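One structure is given below, encoded as C-alpha cells.
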Amino acid sequence: RIETLGIPPVSVDARGIDINLPDFVVQRATMDVQAIERVMRGSLGVAGEPGLALTIEFIASAETYARRIGNAAMANTDGTYSSIDRTIRIRQKNENELNFRILRHEMTHALVHEHIGHLHTSINEGLAGYFENMEVAGMGARVLLDSARRRPDASMSVDGQDELVDLLAREGAGFYGAGQESRYGRSMALIALLMERVEGREALTRLLAAQQLQPCQPVEPAPVLAQTYPGGLEALARDWSKWLRIPADRVLSY
C-alpha cells in the first residue's frame, strides 16, 4: 500500500499564449482557485478527489482567443472553461483586477463542473458571480459586496415571488440572451443571500449535494430550496427581493 500525502486539492498551470505572463499572475491564480475550493469544501460540503489540475491561458489577441476556444459562438466572451482539456481561457484586459475577476468566475465554473456536475444555470452563474468578488489574503479570504457598486433593482416586486420563480425556471439557453445582465445580478444576489446565514448555506449545501448524486442532469432548484430554506420559497423570495431593492454593504470572511 502506498500513501501519498500533501497532494493539493487543485493545482494550476497558468501561461500566456501570445503575451509574457508575470510570475505574480501564476502565484495569484493558484491562490485564488485554492481559496475558492476551500470555501466550497468548508462551507458547502463540495469536495472532489485531490489532484485536480487546471490549465489557464491568458490570451491578448481576439483572433488567437477565438481560435483557441474553437467555438465561434463564444468568440466574444471574456472567458471560457473547457472540460475537454480542463482549460480556462481568459481574453486579456488592460486592468489586472478585471482579469482576475473574470478568472475567478471561470474557476468557479470549472470547480462546479468537476466536483458537482451539470448544475442548474441560475445557481451555476450565481456561484460564479459570487466568487468573482472574492479577495484572498494568505489562507483567508473575503467576499466584498459593496453597495456603492450595486444599483437597487427597482423592477423587483416586494414579495419577489414571480421574479424568483422565473429565474429558477431558466435553464441553459433560457437564461442567456435578452435580459441576461439582470439575471446574472439576480443569480449572484441569490447565492450571496444564501451564503450570509447558516440556514441559507445549509439549503444551498442540500441543493449541491442533490446535484452531485445525479451530475449529468440539472436538479430543479425550486423544490429543494422550498423544502430547506426557513419559511420556504415564499420567505426566500421576500428576503431576496429586499437584498436586491435595498443594497447594503456586505463582507463575508472565510
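The values are calculated or read from the model by the stated rules, or taken from the named source; none is laboratory data. What you see is a predicted model; the values in this text were computed from it and never measured. Positions of Cβ are generated from backbone atoms using ideal geometry, with glycine treated the same way; all protein chains shown enter the neighbour counts. SASA here: full protein model, heavy atoms, side chains in, ligands and nucleic acids out. Shrake-Rupley method; radii C 1.70, N 1.55, O 1.52, S 1.80 Å.
Between M74, M134, M31, the GNM of the chain built on Cα springs shorter than 10 angstrom shows M74 fluctuating the most. Length gained on full extension, Q27 to A154: 41.7 nm, using 0.36 nm per residue less the C-alpha separation. Can you give me the Cα centroid spacing of segment 176-254 and segment 55-98 in angstrom? Here the two parts' Cα centres lie 28 Å apart.
From the Kirkwood radius over Cα pairs of the chain, Stokes-Einstein at 37 °C and 0.692 mPa s returns a whole-number translational diffusion coefficient of 173 µm²/s. Compared with the direct C-alpha span, the chain from E63 to L144 gains 25.8 nm at full extension, assuming 0.36 nm per residue.
So for H118, H109, what's the accessible-area order with a 1.4 Å probe, most first? Walk me through the numbers before you get to the answer.
On the way: H118 90, H109 30 Å².
From most exposed to least exposed: H118, H109.
Charged side chains reduced to their Cβ positions (Lys and Arg at +1, Asp and Glu at -1) give segment 97-159 a dipole of some 160 debye around its Cα centre.
Taking GluC sites (Glu not before Pro) that fall in a DSSP loop and have at most 11 other Cβ atoms within 10 Å as cut points, what is the longest piece of the chain between them?
Values: sites that count: E3, E95.
The longest such stretch corresponds to 96-254.
May I ask you to list the residues of segment 14-28 whose amide nitrogen lies under 18 Å from a point 7 Å from Cα along the Cα→beta-carbon direction of A137? So the set is 28. The simple spin-label model puts a point 7 Å past each Cα toward its Cβ; for L213 and A72 those points are separated by 4.3 nm.
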